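Undergrad: Structure incoming, see below.
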Amino acid sequence: MKKPQKLGISSSRGGCKDVVKALEHFEGPRSTKCKQIMGMLFNCMYSHPDYYQPVIAEFEVFYKHYFLT
């Protein structure tokens with residue numbers, strides 16, 4: 001059985017493959033290391049917007065809805 005994708009991001013495509021693969025090894029989202037890798041992932045996604053634009057758009061809608069209202 002395949003492991004479900006987290007965040008809907010493939011670890012086999014796109015410019016952030018290494019960061020996504022590193023993130024797959026962390027189970028606890030509250031760990032300091034996981035938070036660091038998530039920061040690296042978002043920096044990477046914003047530097048490759050042509051591929052990651054759908055994920056960026058979803059994150060921005062989520063952020064605006066839950067954190068700016």
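Undergrad: So how much slack lies between GLU24 and PHE42, counting 0.36 nm per residue of separation and subtracting their Cα-Cα distance, in nm?
TA: Working: separation 18, 0.36 × 18 = 6.48 nm, distance 1.48 nm.
Roughly 5.0 nm would be gained on extension.
Undergrad: Still on this structure, please answer the following. How long, wide and thick is the range 17-67, going by the Cα atoms along their three principal axes, in whole angstroms, largest first?
TA: Reported extents, whole Å, longest axis first: 25, 25, 13.
Undergrad: Further question on the same structure: Could you put VAL55, VAL20, VAL61 in order, starting from the residue whose Cβ has the fewest other Cβ atoms within 10 Å?
TA: Least crowded to most crowded, the residues run VAL61, VAL55, VAL20.
Undergrad: Using a 7 Å offset from the Cα along the Cα-to-Cβ direction at both CYS34 and ASP50, what is the distance between the two label points in nm, to one decimal?
TA: Simple spin-label model gives 3.3 nm for this pair.
Undergrad: Right, next: Among THR32, THR69, which comes first, then next, by fewest other beta-carbon atoms within 10 Å?
TA: On the way: THR32 8, THR69 5.
Result, fewest neighbours first: THR69, THR32.
Undergrad: Could you tell me which residue out of VAL19, VAL61, CYS34 lies farthest along the dipole of the range 17-67 toward its positive end? Charges go on the beta carbon: Lys and Arg +1, Asp and Glu -1, centred on the Cα centre.
TA: So the residue we want is CYS34.
Readers should treat all values here as calculations from the given coordinates under stated rules, not as data from a laboratory. Note that this is a predicted model, so its numbers are computed, not measured. Backbone-built Cβ (ideal geometry, glycine too); neighbour counts: all protein chains shown.
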